[in-house]
Amino acid sequence: MQIPINSIIEKCPNCQFFGNENETLGIPKSIDQLSNETSDALCWLDANKYLDIEQLKFGLLILNEQSHTFHKNKSNNFLVSATPKLTYISILQTFYAKEATQNKAYQHVAHETATIGSDCIFGNNVVIEENVVIGNNCKIGHNTSIKANSIIGNNVTIGSNCAVGATGFNYDLNAEGQWITAPAFGKVIIKDDVRLFNNVIVDAPIEGETLLQSNAKIASNVVIEGGASIGESTLINTNCAIGRKVVIQPNCWLAQGTVVREHVVLAVNTFTGIGAGVVRNSNAGELLFGNPAQVIQKRG
């Protein structure tokens, strides 16, 4: 793969380029991968990291203005950006992302009552049960099951080995001290532009809905129990567990290993620390750390 530098410059009008725009770039590499033999790599430099590039070779380095002042006399290609990492990601999305059109040849099973939109791509062994509705331009990875009555919006990406709409761990003690459960008659609704990574479980409730609002991003190995509601543009990191009927309002950020007790409400812009055990409701903008989680500070 060879990407013309001048094409990248055209897509980055707010950046300033120094070097030879007629050269081409190969694959992206991290700073740590560079050597005196690398010649055409695309890479970016963190604003807080100093790099001695005297002995390094690369095709294009994205960095901020302050970092560039140390290297502006070097005969290399630089793209100066106020946000180097975001510019790097934008370039990857524009020029390097591969459309997995070949996945259309994979074998999947869809019930005859399922409704599937246009331009969807399903991996091997995907199972889509009865009365499922899937919007346009959705991608579902290998070995994922979409259980009956689930509703999935447009531009949704679901990774491999996920289960959406299954009966959850709905056990309660009866008067005789026995654990009893009930089948799930509720459903899962996933709105537009949601992304689930691999090994995500989204349970259906006994009744009602489990809801993932638009643009929510759920990392790998997350469990969302039945009746939970995940707010718009909320990010949930790896190994989190969201209890039954939890409400997470928009723009929250849950760090790795966060556990939220059932029925808890996390207000808008709540952040949690790694391994937080959240057992009470939060107020808007709070930072919660520890187990049980305590308020460390409130964001403005």
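A few notes on this one:
- Test result for Thr270, more than 19 Å from Thr210 (Cβ to Cβ), in the same structural domain as Ala219 (by TED's automatic domain parsing) and of a type outside the set (Phe, Trp, Tyr): no
- When Ala47 is tested against the conditions (1) modelled with pLDDT under 80; (2) part of a strand (DSSP E or B); (3) not acidic (Asp, Glu), the lone failure is (2).
- When segment 141-152 is limited to residues that are touching a Ser or Thr at 6+ places or on another chain (Cβ under 7 Å) and in contact (Cβ under 8 Å) with a residue 24 or more places away in the chain, the one that is nearest to Gln107 (Cα to Cα) turns out to be His142.
- Contacts under 7 angstrom Cβ, first residue in segment 7-27 being in contact (Cβ under 8 Å) with a residue 40 or more places away in the chain, partner outside any helix (DSSP H, G or I) and of a type in the set (D, E, K, R), 6 or more apart: Ile9/Glu21; Phe18/Lys72
- Residue in segment 86-115 that is modelled with the lowest pLDDT, counting only those that are among the hydrophobic types (A, V, I, L, M, F, W, C) and buried (at least 16 other Cβ atoms within 10 Å of the Cβ): Phe95
- Where a residue in segment 241-266 is touching a residue at least 60 places away in the same chain (Cβ under 8 Å) and its partner, wherever it lies, is crowded, with 18+ Cβ neighbours inside 10 Å and of a type in the set (Asp, Glu), with Cβ under 7 Å and at least six apart: Arg244/Glu225
- Matching residues, segment 247-261, being under 12 Å from Ser282 (Cα atoms) and of a type in the set (A, V, I, L, M, F, W, C): Val247, Ile248, Cys252, Val260
- Condition check for Ile206: assigned to a loop (DSSP other than H, G, I, E, B), at pLDDT below 95 and β-branched (Val, Ile, Thr): yes
- Test: Gly186 is over 15 Å from Cys162 (Cα atoms) and at pLDDT 95 or above: no
- Test: Asn154 is loosely packed, with under 15 Cβ neighbours inside 10 Å and in the same structural domain as Ile230 (by TED's automatic domain parsing): no
- Candidates are the residues of segment 118-140 that are in a strand (DSSP E or B) and either touching a residue at least 60 places away in the same chain (Cβ under 8 Å) or surrounded by fewer than 19 Cβ atoms within 10 Å (Cβ to Cβ) (or both); the one that is nearest to the chain's Cα centre (by Cα) is Lys139.
- Scanning segment 4-44 for residues that are surrounded by 15 or more Cβ atoms within 10 Å (Cβ to Cβ) and either at pLDDT below 90 or assigned to a loop (DSSP other than H, G, I, E, B) (or both) gives Cys12, Cys15, Gly19, Glu21, Glu23, Gly26, Lys29, Ile31, Leu34, Thr38, Asp40, Ala41.
- Residues in segment 205-215 that are in contact (Cβ under 8 Å) with a residue 24 or more places away in the chain and either crowded, with 19+ Cβ neighbours inside 10 Å or β-branched (Val, Ile, Thr) (or both): Pro205, Ile206, Thr210, Leu212, Gln213.
- For the residues Val202, Val222, the requirement of being crowded, with 18+ Cβ neighbours inside 10 Å, in contact (Cβ under 8 Å) with a residue 12 or more places away in the chain, in the same structural domain as Ile146 (by TED's automatic domain parsing) and within 13 Å of the chain's Cα centre (by Cα) singles out Val222.
- Checklist (1) in a loop (DSSP other than H, G, I, E, B); (2) surrounded by 18 or more Cβ atoms within 10 Å (Cβ to Cβ) applied to Gly165, failing item: (1)
- Residues within segment 50-67 that are over 17 Å from Pro28 (Cα atoms) and modelled with pLDDT of 80 or more, tallied: 4
- The condition of being under 21 Å from the mean Cα position of the chain (by Cα), in a loop (DSSP other than H, G, I, E, B) and assigned by TED's automatic domain parsing to the domain that holds Gly231 does not hold for Asn149.
The values are calculated or read from the model by the stated rules, or taken from the named source; none is laboratory data. None of the values given here were measured: they were computed from a predicted structure. Using ideal geometry, Cβ is built from the backbone for each residue, glycine included, and neighbour counts are taken over all protein chains shown.
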